[in-house]
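Novice: I'd like to ask some things about the structure below.
The values are calculated or read from the model by the stated rules, or taken from the named source; none is laboratory data. Remember, predicted model here, so these are calculated numbers, not experimental data. Methodologically, a virtual Cβ is constructed for each residue, glycine included, from the backbone with ideal geometry; neighbour enumeration extends over all protein chains shown. Ligands, DNA and RNA are stripped out before the accessible areas are found, and what is left, the full protein with its side chains, is counted by its heavy atoms. Shrake-Rupley method; radii C 1.70, N 1.55, O 1.52, S 1.80 Å.
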Amino acid sequence: MRTRAVVLLTLLLLFTLCEAAPYQHLEAKTVKIYAPAVARTSLGEKGVLIEITITLLHPGSGRVYVSTMPLTEVNMQASLYTAAKVAHELAGIPFSEYDYLIYIKSPAVIVGGPSASAYVAVAIYALLANLTLRKDVSMTGFIAPDGSIGPVGGILEKIEAAASIGVETFLVPVGQTVDYQLKIVTRKVGPFTLSTVVREKVNVAEVAREKWSIKVVEVWNLEQAIEYFTGKTFPKTVYEEKPSKEYLSKMESIAEKVLTEVQALLEEKSGIVGNSTRKAVNKIISDALKLIKDNKPYLAYLTLKTALIKMYYDEISGKWSKREVSDVKKIIDSIRNKISELSSLADRVYSSDIPYALLLCQEVTNSQRALDKAFQYYKSFEEIPFLSTLQQFLYKLSEARAHIKCAEVVAGILSANISVLDLEKQAALLLSEAKSAIAYAMTLTSGSDFLSEAEALFELARSAYMDQHYLLTCERALRAVAYATTDLNLMSIQISGALSQYLNYSKILALKSIAEVKCYVDPALAYAYFEYAEYSSNYARKILYYKLASMYSKALLSLIKEKHKRTVTQSSGSSSPSKKSPSQPSKPSSPLQSIWDIIVQIPRVLISIIENIIKFLEKLIKGFTGGLVLQVLLFIFFNYFESK
């Protein structure tokens, strides 16, 4: 009878439902904000208010569901995920235990969606800390993974939109109280009237005060924005700049091993290396020893790498001039093989070795980038055989070889594990953040070296992800984000001239991030980047490396906490915690609360049911045998009930 089929299917559904979502008290909180944005209308671009409804669900699994109407030009999913993650990091609450439903309603298509992400981060923090947001404060800016607030476009248009709802204080990223606007200038030339479009510098703060009586305030990071929105204050801490003894010891050991390689190569290639190169290498060795003595081991390491490049260049130039092309090809093949081998090693290190495995990944990436550029030069040389192009080809090959040699030195201090690091989720999320940051940067800037580097690193990160090299993906994606966001910072500096502010804030943020993570693990690469930033005289490089130090620290902190959480969950088993876990069943406080708990769980239950069915079918139909089993079961099932 068909009734039996219905009963059996109903029981199957109920079983899945019970397994997917056992009863638990679900916390749900909602906040609604009106974020200013720039929208494209039939009359051109103008400031509008977008309605953003954020619903917090606890317990959860670290997911952010975004719905927009209409669709935005730039994918907002990654930027809003970053907003939630950064807010949780600041609140000290595990993000993996919460879910967020974010609905965005706009009167028109938004231009540059991530510009509201900083405001969303403030709202999420307020939900977590049970704080009320002031209605007379608004803001614009995109949130970076390290908690800094990056520059955006259309500031005046957004302030005008915010004025319509009674906003009195408007927060903007540092350096954006000055902006440029396009202005049409006309002049008479005889009987003709000529019109030209010129860029005119505008003092945003003055215009906002005079036209709308709004006070414009610059903020650098999420903490400052929260203070204006809620009145909550954060402690002002002076952070120590001195690196850890562990870092100094290990990095010094790595530098000394590279020094040994340099000295051995100098002796081995004595008949190939020219006199000028020999003198230069000896000077480099002397400088490196002084840097090691001054507790600057990473700078010594970088300095010694240039010695390797010089000697490798003399060797490969000699081979090319003697037409020993087969030897050059062998060098290229060796580099490629080492890149593959060391990429796999990075996936199998112990969690405690991740800080130095990231240094290994950096060198593998640098080697791959140099190799790619070498082939580009060689292709140009084949088309137009200029001597300078050939020299660039040989120099980039030497660079790739030096990077991979340094990677081998770093690999020597790492211990290979049998199992592979479980970093797929973190790699995917960082890849999304990189894609979002680059896409947004491209809406405001174009053609810069930093943005080009960000795009190249993103492509390499995506390639590593496809090859399942997840730690390598993380390293490349983090650098891509740093280059893209630094490019936006440089754009803001060019407009406002706020160089000293950017340098100061970048340094403070790097020190703060390092201080947060060093309680859990020694952030080797973050110390190294900070060391380089302090040494560099190029302001763009200083900002970039301060940002890299900050982002690597944040990424390490997130990774270590996630690993710790998994370890505790697996080892605790059935032990009784001192404090009741949020996932444990609890008695509802009232019938209304019970009804509400059931209602808000419906979307999650449906998702769980679908996921379970998909997983079951995937396992069942995998391979020929599974497909055959499924067909037989379906045949028996339907024929049985048809016969009844």
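Novice: Cut-off under 30 Å on the C-alpha distance; same-chain residues fewer than 8 positions from residue 188 excluded. Which lysines are left, in chain and number order?
Specialist: List returned: 201.
Novice: Now, a different point. Kirkwood hydrodynamic radius for the range 407-498: how many Å is it when counted over pairs of different Cα atoms? Before the final figure, lay out the partial values.
Specialist: Details: mean 1/r = 0.0701 Å⁻¹.
Answer for the range 407-498: a Kirkwood hydrodynamic radius of 14.3 Å.
Novice: A further question on this structure: Quick one: which of 379/542; 425/547; 279/305 span more than 27 angstrom between C-alpha atoms? All intermediate terms of the calculation are to be shown ahead of the outcome.
Specialist: Details: 379/542 34 Å; 425/547 23 Å; 279/305 16 Å.
Result: 379/542 exceed 27 Å.
Novice: So, one more: Rg and Dmax of the range 218-272 over Cα atoms: what are they, in angstrom?
Specialist: 23.7, 71
Novice: Let me ask something additional. Report the full-extension gain for the segment residue 213 to residue 344: residue separation times 0.36 nm, less the Cα-Cα distance, to one decimal in nm.
Specialist: Working: separation 131, 0.36 × 131 = 47.16 nm, distance 5.94 nm.
Once the chain is fully extended between residue 213 and residue 344, it gains 41.2 nm.
Novice: Another one. Subtracting the Cα-Cα distance from 0.36 nm times the residue separation, let me have the gained length for residue 504 to residue 321 in nm, one decimal. Let's see the in-between values first.
Specialist: Details: separation 183, 0.36 × 183 = 65.88 nm, distance 4.98 nm.
The residue 504-residue 321 span can extend by a further 60.9 nm.
Novice: Separate question: Counting only heavy atoms of the protein chains, get the accessible area per residue of the range 152-275 (1.4 Å probe) and round it to a whole Å² value. Write down the numbers at each step before the final one.
Specialist: Numbers: 7120 Å² over 124 residues.
Per-residue accessible area for the range 152-275 comes out at 57 Å².
Novice: Just to verify a number: what accessible area does residue 541 come out at with the full protein assembly present, 1.4 Å probe, Å² rounded to tens?
Specialist: My reading of the accessible area for residue 541 is about 80 Å².
Novice: Calculated FRET efficiency, residue 424 and residue 295, Cβ-Cβ r, R0 45 Å, to nearest 0.05?
Specialist: Values: r = 38 Å, r/R0 = 0.84.
Calculated value: 0.75.
Novice: Restricting to DSSP loop positions (anything but H, G, I, E, B) with no more than 14 other Cβ atoms inside 10 Å of their own Cβ, which GluC sites (Glu not before Pro) remain in the range 196-280?
Specialist: On the way: sites: 200, 206, 210, 218, 223, 227, 240, 241, 246, 252, 256, 261, 267, 268; in loops: 240, 241.
Those satisfying the criteria are 240, 241.
Novice: Filter the cross-link list 257/296; 338/405; 322/373; 85/158 down to pairs whose alpha-carbon distance in this structure exceeds 18 Å. Write down the numbers at each step before the final one.
Specialist: Numbers: 257/296 15 Å; 338/405 9 Å; 322/373 23 Å; 85/158 25 Å.
Where the Cα-Cα span goes over 18 Å, the pairs concerned are 322/373; 85/158.
Novice: I've got another one for you. Which of 230, 253, 272 sits closest to the plus end of the dipole of the range 197-278, meaning its Cα is farthest towards the positive end, when Lys and Arg get +1 and Asp and Glu get -1 on the C-beta?
Specialist: 230
Novice: Here is a follow-up. On the protein heavy atoms, probe 1.4 angstrom, tell me the percent of accessible surface of the range 177-299 carried by carbon and sulfur.
Specialist: Values: 4020 of 7900 Å².
The nonpolar share, carbon plus sulfur, comes to 51 percent.
Novice: In nm, give the distance between the simple-model label positions of residue 65 and residue 164, each being 7 Å from the Cα along the Cα-to-Cβ direction.
Specialist: It works out to 3.0 nm between the two label points.
Novice: Tell me, what is the per residue accessible area of the range 397-536 in Å², probe radius 1.4 Å?
Specialist: On the way: 5060 Å² over 140 residues.
Here the residues of the range 397-536 average 36 Å² of exposed surface.
Novice: Still on this model: What is the set of long-range amide H partners of residue 60 at a cut-off below 5 Å, with H atoms built 1.01 Å from backbone N?
Specialist: Those lying under 5 Å, H to H, from residue 60 are 98, 99.
Novice: Just grab the label-to-label distance for residue 379 and residue 186, each label 7 Å out from Cα along the Cβ direction, in nm (one decimal).
Specialist: Spacing of the two 7 Å Cα→Cβ label points: 5.0 nm.
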